[in-house]
1. For the range 422-512, give me every one of the helices (runs of 4 or more DSSP H) that falls completely inside it and has 3 or more residues that are open to solvent by 10 Å² or more (accessible area, probe 1.4 Å).
2. Can you go through Ser591, Ser557 and tell me which one is of a type in the set (Gly, Ala, Ser) and under 30 Å from Lys329 (Cβ atoms)?
3. Looking at the range 311-323, is at least one residue open to solvent by less than 10 Å² (accessible area, probe 1.4 Å) and either closer than 30 Å to Asp190 by Cβ or in contact with a His (Cβ under 7 Å, 6 or more places away or on another chain) (or both)?
4. Name every residue in the range 538-587 that is under 30 Å from Ala438 (Cβ atoms) and hydroxyl-bearing (Ser, Thr, Tyr), in order of residue number.
5. Any chance the range 499-520 includes a residue that's more than 24 Å from Thr230 (Cβ to Cβ) and in contact with a helix residue (DSSP H, G or I) (Cβ under 7 Å, 6 or more places away or on another chain)?
6. Which residues, taken from the range 235-259, are open to solvent by 20 Å² or more (accessible area, probe 1.4 Å) and either assigned to a loop (DSSP other than H, G, I, E, B) or in contact with a Gly (Cβ under 9 Å, 6 or more places away or on another chain) (or both)?
7. Taking the stated definitions as given, is Gly165 open to solvent by less than 10 Å² (accessible area, probe 1.4 Å) and in contact with a Pro (Cβ under 9 Å, 6 or more places away or on another chain)?
8. With the structure loaded, tell me whether Ala573 is over 23 Å from the mean Cα position of the chain (by Cα), more than 25 Å from Ser423 (Cα to Cα) and either open to solvent by 30 Å² or more (accessible area, probe 1.4 Å) or among the hydroxyl-bearing types (Ser, Thr, Tyr) (or both) or whether it fails that test.
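The values are calculated or read from the model by the stated rules, or taken from the named source; none is laboratory data. In this text the structure is predicted, and so the values were computed from the model without any measurement. Neighbour counts run over all protein chains shown; Cβ positions are idealised from the backbone, glycine included. Ligands, DNA and RNA are stripped out before the accessible areas are found, and what is left, the full protein with its side chains, is counted by its heavy atoms. Shrake-Rupley method; radii C 1.70, N 1.55, O 1.52, S 1.80 Å.
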Amino acid sequence: MLNKVVEQVTQRIIERSAKTRAAYLARMKEQYGKRVKRDQLACTNLAHVAAAEDNKVKIRLKNIESPNIGIVTAYNDMLSAHQPYYRYPEILKDTIIGQNATAQVAGGVPAMCDGVTQGQVGMELSLLSRDIIAMSTAISLSHNVFDGVICLGICDKIVPGLLIGALAYGYLPTIFIPSGPMPSGISNKDKAETRKLFAEGKVGKEALLESEFKSYHAAGTCTFFGTANTNQMLMEAMGLHIPGAAFVTPNTPLRRKLTDYAAAQIVKNTAQRDNFTPLCEIVTEKSIVNGIVGLLATGGSTNHTLHIPAIAKVAGISLTWDDFNDLSKAVPLLAKVYPNGAKDVNQFHEAGGMTYIMEQLLAGGYLHDDVKTVVGNGLTAYTKTPGLNNEQLEWTDAFNLDNTILRSKDEPFSHEGGLRLLSGNLGRSVSKISAIAAEYRYVKAPASVFHSQDEVLAAYKEGKLNHDVVVVLKYQGPKANGMPELHGLTPALASLQDQGYKVALVTDGRMSGASGKVPNAIHMTPEALSGGNFAKVLDGDIIELDLENGTLQLHVSDDELAQRIGNTPDLSANQVNFGRELFNKLRPNLSDSEDGATLF
């Protein structure tokens, strides 16, 4: 039976979204089941489509009964996770030709790396890149010659952006194909310890660089359970991957077989074949709830409190952080993967991974089973683990080989999920409490107020934060500077915490999916630039953060707050250099964090 809270939250989402969802589906169904309009193209238009192809492909492109699949790729070879996609178009085309169909690269989308831009100016373009990727995806598909879509993307803003863009063409079948995580390097614990020692001045840059090179050392996603790997969990939970594909390492026989299987499956899902499955029928209120449940059960990235609402919105589905919070109180935490635990995502996968998580959530009534996926109806297929038998794909029953990484629904790590909504007189914010030890979940201390992360780090190095402190970092919201991640603060704040101080971070910015053990209240809305009490916090104000009870309170009277004026600092530097000039007209139009911090 379906869990009562899951049922109630889903029903209120359906009711809240009734008008916008109906309008979206009406637009999509105008195109349902139609053959691609290549036969409606002028001869010159169709000749342009086929000009660079060989004769065999040209013949098929003339035939509207032969499906043509558009590949939207986020390949570049600077991102380790996207480097394996270099040869994917060739591989996919070969497989699809064997299905009596064709495939063409419809377009490329930008793919920036938060690991490279962390703490750098480029990070201010990161969140906005999601919406640029969505628009680039829409442009890629605008030639109107495709019967289905393959999305090649894996990292932080790329998967949400691709999905948002694809949903604009929700009448087309769509499948996501991951590339997988890199093999494990040094442990994440050792990496984090070296970072902390460097922040404390106890090791030099050479030692830090050696540690980082041993951690990030090969093709594939980073091995912690940050935003990139949370994306892969999300695609699996929502039925947009081939079952079990999320965490198979790149350039292996199993990865190749899963990729071939995905290519064949998208052809089967087109209107020309007998399994027509448009994207808009996969991404529903129920599958969105399944994605949130997966996020909570695995302790995934806080970035998805932005991405999932943004994805849902373009599909006509309205979410609030209350939906996340209420589900979090009911969904058990079944995984401990770094930064929530000691083991990395490869060890998670080898122990049983997503297959076991899906089996347990389904058995416990936490997932909607009456959903469509890229491989059919229901989620049973996603409770099976892929492998090779005589070089052929086969799926076997789920398993759990390590109780330190995975737990059953009956003996979870926690009876609640990994996220918490925080409310109080400063506004609304969220926190990933699954990564924060119970003894650190309550902080009451004076505020130290900053307007940039460089100011915070300078104060730390000067010893000005060597006391119980709530670091308040303002003007990091979507409209102020694009809402950068502030993961670069983690080593310094963790060092203060390890010295015995009560430390917390309160900000309208983001933290990384790998932010770790420092208590925080992030994504503060309304952001400082929009006014409200958060903009009025002063040095020395007492702030009380209670993660267990979901409260964040500024201990200043309402009368005094009413008299304070939130003075906006000079933010003009946020508008120049590193391409920021090109985004100046976009930032003011971003919605608030709870609405996805999106242009759409």
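1. 453-461, 490-498
2. After applying the criteria, what remains is Ser591.
3. no
4. Matches in the range 538-587: Thr551 only.
5. Taking every residue of the range 499-520 in turn, at least one turns out to be more than 24 Å from Thr230 (Cβ to Cβ) and in contact with a helix residue (DSSP H, G or I) (Cβ under 7 Å, 6 or more places away or on another chain).
6. If the condition is that a residue be open to solvent by 20 Å² or more (accessible area, probe 1.4 Å) and either assigned to a loop (DSSP other than H, G, I, E, B) or in contact with a Gly (Cβ under 9 Å, 6 or more places away or on another chain) (or both), then Thr249, Asn251, Thr252, Leu254 are the ones that fit.
7. no
8. Answer is yes for this residue.
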